[in-house]
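Okay, structure first, notes after.
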Amino acid sequence: MIYLDNHATTSLDPRVLDAMLPFLRHEFGNPASRHAWGRRAAEAVDGARAQVAALFGAEPDEIVFTSGATEANNLALRGTALRHPGGHLIVSAIEHPAVLDTARALAAEGWSLTELTVDPRGCVAPDDLRAALRPDTFLVSIMAANNEIGTIQPVAELAAIAPLLHTDASQALGKTALPAGAQLISLTGHKIHGPIGAGALYVKRGTDLAPLQHGGGQEGGRRAGTLNTPGIVGLGAACALLAADPAAECARMAALRDRLQAQLEAAIPGLQVNGDPDARLPGNLHVCLPGVASADLLPLMPDLAVSTGAACHADASPVMAAIGADGTRALRFGIGRFTTEQEVDEGARIVTNAFETLKTQRAAPS
């Protein structure tokens, strides 16, 4: 199979697995324990915390480990909301469900919510954010890069306007400049060739955040629960790998993306490319196929892993609705660290053949 769905999840980098293996085997201590096993686990967690913090130019105590970006997003939104009862929250209409659904749940519980529209490229206008602010606005949550169409948001400009900015950077890490100016940043390991089930929330010093879980007082009292040492070590290793020549890797992925796009556009006239053509993740290609439902295409491509939308959307994509595109015709390609030219070429061939097969079947007399 050819895997071109790296927005949904990425394969575990062998170097990350090597870092994790001791803590899956013999170094099994609880990092809160005071014996030798516990001390070694605690040292490993501290090392991983420093690796994640270094990615943001942050201090280690500004990193809160979580089970992933969904928990980090919930902690960011609910943790700040609990400090501002009945206050006003702003999100964009194309946020990941972990943000959008949490914001809507808060609205149902008594907080005020504004959902900002986006332009046809999927971009939030800073002027729209400025106009939406109210005296009781306590948080703005805008993702760094969209998980479907790949549009990169002007986070630094938005952060200069917002009283407090949270950004979900899960898709952006290692693929674009790190979001500058945000006080709260979510990330997860499995989008950066790290482990599933390990993530973090950057919390800038001085940011008032209420815990959602109570128990052992871990993570400075901000997130109780026994730490997932193997996952945390893997997350730290994955973050450390991102620091090694990220510009070269981004250029490589962008070249593969452009190669794939050129082949599909040449073979499928009328192909629509979604997202911002300039401010877009280097490994992202999101298209709409002319006259063909993407769900009908997938069964004809059993050897190719692509998606018709975000893995976390059970129903129609709100992202596609927000940009005025037909989500039923959408295909999302995600190029990753281990994607090759040969895989891109074969992927383009498989999609083209499936498209032509479907068109021929529909044109045949009944």
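Numbers below:
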quantity	calculated
Residue in the stretch 349-366 that is surrounded by fewer than 20 Cβ atoms within 10 Å (Cβ to Cβ), in a helix (DSSP H, G or I) and under 25 Å from the mean Cα position of the chain (by Cα) present	no
Residue within the stretch 228-235 that is hydroxyl-bearing (Ser, Thr, Tyr) and either in contact with a strand residue (DSSP E or B) (Cβ under 9 Å, 6 or more places away or on another chain) or assigned to a loop (DSSP other than H, G, I, E, B) (or both) present	no
Boolean, residue 17 is more than 20 Å from residue 203 (Cβ to Cβ) and not in a loop (DSSP other than H, G, I, E, B)	yes
Of residues in the stretch 137-167 being of a type in the set (Gly, Ala, Ser) and part of a helix (DSSP H, G or I), the one least open to solvent (accessible area, probe 1.4 Å)	159
So residue 38, is it assigned to a loop (DSSP other than H, G, I, E, B), over 29 Å from residue 8 (Cβ atoms) and in contact with a Gly (Cβ under 6 Å, 6 or more places away or on another chain)	no
Which listed residue is among the β-branched types (Val, Ile, Thr) and within 24 Å of residue 134 (Cα to Cα), from 66, 80, 70	80
Complete set of residues in the stretch 266-325 that are assigned to a helix (DSSP H, G or I), over 18 Å from residue 120 (Cβ atoms) and either open to solvent by 20 Å² or more (accessible area, probe 1.4 Å) or of a type in the set (S, T, N, Q) (or both)	266, 267, 294, 295, 296, 298, 299, 300
Residues of the stretch 90-115 that turn out to be outside any helix (DSSP H, G or I) and open to solvent by 10 Å² or more (accessible area, probe 1.4 Å), as a count	9
Check on residue 250, part of a helix (DSSP H, G or I), surrounded by fewer than 20 Cβ atoms within 10 Å (Cβ to Cβ) and within 18 Å of the chain's Cα centre (by Cα)	yes
Those residues of the stretch 116-136 which are in contact with a Gly (Cβ under 7 Å, 6 or more places away or on another chain) and either modelled with pLDDT under 95 or surrounded by fewer than 21 Cβ atoms within 10 Å (Cβ to Cβ) (or both), in sequence order	120, 121, 136
Leading residue by the ranking (nearest to residue 142 (Cα to Cα)) among those in the stretch 71-89 that are open to solvent by 10 Å² or more (accessible area, probe 1.4 Å), of a type outside the set (Gly, Ala, Ser) and in contact with a strand residue (DSSP E or B) (Cβ under 8 Å, 6 or more places away or on another chain)	71
Meets criteria (farther than 14 Å from residue 71 by Cα, at pLDDT 95 or above and open to solvent by 40 Å² or more (accessible area, probe 1.4 Å)) for residue 204	yes
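For every residue, the table says whether it meets (1) touching a residue at least 12 places away in the same chain (Cβ under 8 Å); (2) farther than 24 Å from residue 225 by Cβ.
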{"position": "10", "(1), (2)": "yes, yes"}
{"position": "13", "(1), (2)": "yes, yes"}
{"position": "25", "(1), (2)": "no, no"}
{"position": "58", "(1), (2)": "yes, no"}
{"position": "63", "(1), (2)": "yes, no"}
{"position": "67", "(1), (2)": "yes, no"}
{"position": "93", "(1), (2)": "yes, yes"}
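The values are calculated or read from the model by the stated rules, or taken from the named source; none is laboratory data. Remember, predicted model here, so these are calculated numbers, not experimental data. With ideal geometry, Cβ positions are generated from the backbone for all residues, glycine too; neighbour counts draw on all protein chains shown. Just so you know, the surface numbers come from the protein's heavy atoms only, side chains and all, with ligands and any DNA or RNA stripped out. Shrake-Rupley method; radii C 1.70, N 1.55, O 1.52, S 1.80 Å.
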